[in-house]
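Here's the structure, in structure tokens; my notes come after.
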């Protein structure tokens with residue numbers, strides 16, 4: 001999906017489920033394909049790529065986890081071993097009212113279907129065997145950008161509606177969660193309500209809040225039924241934070257960093273005190289962006305200002321291990337090589353009222369087993385540099401003697417967050433162990449360092 005918005009469009013990864021509730025699977029051995037898996041793991045994930053960068057066609061390529069492309073010939077033989085997509089790899093996505101998709105070969109006008117190891121693309125019309133349920137394999141918390149209005153969606157508490165009128169997706173009310181129920185997607189707002197088809201917000205999801213996703217290549221769709229007003233871009237939601245001095249400055253008990261002059265001199269939160277964390281994929285260095293679109297930058301004398309444009313957001317010279325400090329007048333600067341009280345800040349993640357952790361081992365969020373719940377509330381404890389997790393029953397995460405993380409404590413148990421990769425966080429206990437998930441979705445605090453298995457997309 002193309003975007004004229006400020007954020008990065010989501011890479012659309014998904015699983016395809018046939019009429020027998022089995023996932024389309026790409027095997028590593030011989031690049032064979034089948035529909036025999038009952039759950040979505042790495043081999044069941046496919047990526048939607050645009051077939052035409054110019055957007056002149058709605059055709060797409062479908063790429064496996066092995067980097068090979070789905071293709072079919074005129075006789076309906078389906079393969080997934082093509083390194084470079086050609087004409088036989090072009091498919092059209094047809095969305096049905098029941099939320100399912102059909103995939104039609106663009107050059108041969110036949111439909112993809114089949115069961116077990118008999119996957120073919122030969123049907124001239126659509127039957128239940130040629131309909132696939134779509135299970136997104138992306139992090140479900142997103143920002144939504146309107147192509148027509150060139151504005152972002154946000155929850156308007158005053159008007160009690162989901163409005164498309166924000167220049168930037170700022171704050172908790174710009175966060176929307178895609179909830180997959182009964183083959184449809186439901187848009188959940190930050191206050192746990194759901195957008196209904198008549199524009200109202202419902203307390204619980206039902207048939208009126210279920211939507212079908214249709215993905216269009218390019219900036220506009222080529223369909224008689226759709227115009228620009230119906231086109232939206234799903235963008236990744238970066239973590240947004242407020243920072244306040246742990247050691248108060250002046251007379252304020254809690255002093256927030258303000259973007260206007262980038263100094264710690266505010267005693268309440270507003271958009272001016274919210275900064276977006278944008279991690280560089282290669283260097284793992286973090287840039288802080290304000291609601292005006294400017295980035296933190298360093299001056300030659302070590303002062304920190306919020307004046308850099310996007311292409312200058314990473315400092316041209318390393319900070320050499322220096323710490324951010326707040327002077328008594330609130331001015332921010334980098335001076336010391338060792339951290340003391342004036343270098344202590346509390347970072348509060350404000351746009352994840354409900355946090356979903358997506359790990360490497362499983363492409364769903366943390367499994368809802370007898371260990372922990374999949375959807376959790378995240379609380380930042382004021383004046384303490386730790387976080388706690390609680391479930392819908394008010395129980396807190398805790399670590400048992402064998403390292404298993406369970407949701408059973410009646411009192412808060414603190415964890416440390418380490419933001420160390422692109423939109424990912426490592427979670428560490430106060431004893432120094434990192435949380436790690438396994439293939440079964442069981443969560444344990446038994447890792448000694450940061451690795452792919454201990455990083456959680458949030």
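The values are calculated or read from the model by the stated rules, or taken from the named source; none is laboratory data. Computed from a prediction, not measured in an experiment: that's the story for all the values here. Positions of Cβ are backbone-derived with ideal geometry, glycine not excepted, and every protein chain shown enters the neighbour counts.
Give me a count of the residues in region 112-129 that are within 32 Å of the chain's Cα centre (by Cα) and part of a strand (DSSP E or B). Count: 6.
How about region 49-63: which of its residues are assigned to a strand (DSSP E or B) and buried (at least 18 other Cβ atoms within 10 Å of the Cβ)? Don't jump to the end; show me each part of the working.
Filtering region 49-63 for residues assigned to a strand (DSSP E or B) gives 49-50, 60-63.
Across region 49-63, the qualifying residues are 50, 60, 61, 62, 63.
For region 283-304, the set of residues classified as over 20 Å from the mean Cα position of the chain (by Cα) and not in a loop (DSSP other than H, G, I, E, B) consists of 295, 296, 297, 298, 303, 304, listed by residue number.
Against the definition (over 22 Å from residue 71 (Cβ atoms), in contact with a helix residue (DSSP H, G or I) (Cβ under 7 Å, 6 or more places away or on another chain), buried (at least 20 other Cβ atoms within 10 Å of the Cβ) and modelled with pLDDT of 90 or more), how does residue 155 come out, yes or no? Talk me through it step by step, then tell me what you get.
Values: over 22 Å from residue 71 (Cβ atoms): yes; in contact with a helix residue (DSSP H, G or I) (Cβ under 7 Å, 6 or more places away or on another chain): yes; buried (at least 20 other Cβ atoms within 10 Å of the Cβ): yes; modelled with pLDDT of 90 or more: yes.
Considered against the rule, which asks whether it is over 22 Å from residue 71 (Cβ atoms), in contact with a helix residue (DSSP H, G or I) (Cβ under 7 Å, 6 or more places away or on another chain), buried (at least 20 other Cβ atoms within 10 Å of the Cβ) and modelled with pLDDT of 90 or more, residue 155 comes out as yes.
Filtering 348, 395 for residues that are at pLDDT 75 or above and farther than 19 Å from residue 274 by Cα leaves a single hit, 395.
Candidates 226, 314: the one that is under 25 Å from residue 456 (Cα atoms) and either modelled with pLDDT under 70 or not in a loop (DSSP other than H, G, I, E, B) (or both) is 314.
Just one of the listed residues (66, 70) is assigned to a strand (DSSP E or B) and in contact with a strand residue (DSSP E or B) (Cβ under 7 Å, 6 or more places away or on another chain), namely 70.
Of everything in region 74-107, what is touching a strand residue (DSSP E or B) at 6+ places or on another chain (Cβ under 8 Å), surrounded by fewer than 22 Cβ atoms within 10 Å (Cβ to Cβ) and part of a loop (DSSP other than H, G, I, E, B)? Give them in sequence order. Selection gives 75, 76, 83, 84, 85, 86, 96, 99, 106.
Working carefully through the options 138, 134, find the one that is under 24 Å from the mean Cα position of the chain (by Cα), under 18 Å from residue 44 (Cα atoms) and either outside any strand (DSSP E or B) or at pLDDT 95 or above (or both). Reasoning before the result, please.
On the way: 134 fails: either outside any strand (DSSP E or B) or at pLDDT 95 or above (or both).
Among 138, 134, only 138 is under 24 Å from the mean Cα position of the chain (by Cα), under 18 Å from residue 44 (Cα atoms) and either outside any strand (DSSP E or B) or at pLDDT 95 or above (or both).
The residue that is surrounded by the most Cβ atoms within 10 Å (Cβ to Cβ), counting only those in region 190-203 that are within 18 Å of residue 353 (Cα to Cα) and modelled with pLDDT under 95, is 190. Please find, within region 409-423, the residue that is surrounded by the fewest Cβ atoms within 10 Å (Cβ to Cβ) out of those that are in a strand (DSSP E or B) and touching a residue at least 60 places away in the same chain (Cβ under 8 Å). Selected residue: 420.
Of all residues in region 4-59, those satisfying the criterion of being within 30 Å of residue 150 (Cβ to Cβ) and at pLDDT 90 or above are 13, 14, 47, 48, 49, 59. Considering only region 20-34, state which residues are under 27 Å from the mean Cα position of the chain (by Cα) and surrounded by 14 or more Cβ atoms within 10 Å (Cβ to Cβ). Passing the criteria: 22, 23, 24, 25, 26, 27. Only one residue in 426, 401 is under 26 Å from the mean Cα position of the chain (by Cα) and at pLDDT 90 or above, so which one is that? Just one listed residue meets the conditions, 426.
Checking region 180-187 against the condition returns no match, with no residue being at pLDDT below 95, more than 26 Å from residue 133 (Cβ to Cβ) and in a loop (DSSP other than H, G, I, E, B). Considering only residues in region 108-139 that are closer than 13 Å to residue 23 by Cα and touching a helix residue (DSSP H, G or I) at 6+ places or on another chain (Cβ under 9 Å), the one that is surrounded by the fewest Cβ atoms within 10 Å (Cβ to Cβ) turns out to be 115. Residue 157 passes every criterion in (1) touching a residue at least 24 places away in the same chain (Cβ under 8 Å); (2) touching a strand residue (DSSP E or B) at 6+ places or on another chain (Cβ under 7 Å); (3) within 22 Å of residue 242 (Cβ to Cβ) apart from (2). Each residue in region 269-282 was checked for being at pLDDT 85 or above, over 12 Å from residue 243 (Cβ atoms) and assigned to a loop (DSSP other than H, G, I, E, B), and 3 pass.
Tell me the residue from 452, 446 that is modelled with pLDDT of 80 or more, more than 24 Å from the chain's Cα centre (by Cα) and on the phi < 0 side of the Ramachandran plot, please.
On the way: 452 fails: more than 24 Å from the chain's Cα centre (by Cα).
Sole residue among the options that is modelled with pLDDT of 80 or more, more than 24 Å from the chain's Cα centre (by Cα) and on the phi < 0 side of the Ramachandran plot: 446.
For residue 330, indicate whether it is on the phi > 0 side of the Ramachandran plot, at pLDDT below 75 and either out of contact with any strand residue (DSSP E or B) (no Cβ under 8 Å at 6 or more places or on another chain) or exposed (fewer than 15 other Cβ atoms within 10 Å of the Cβ) (or both). In short, no.
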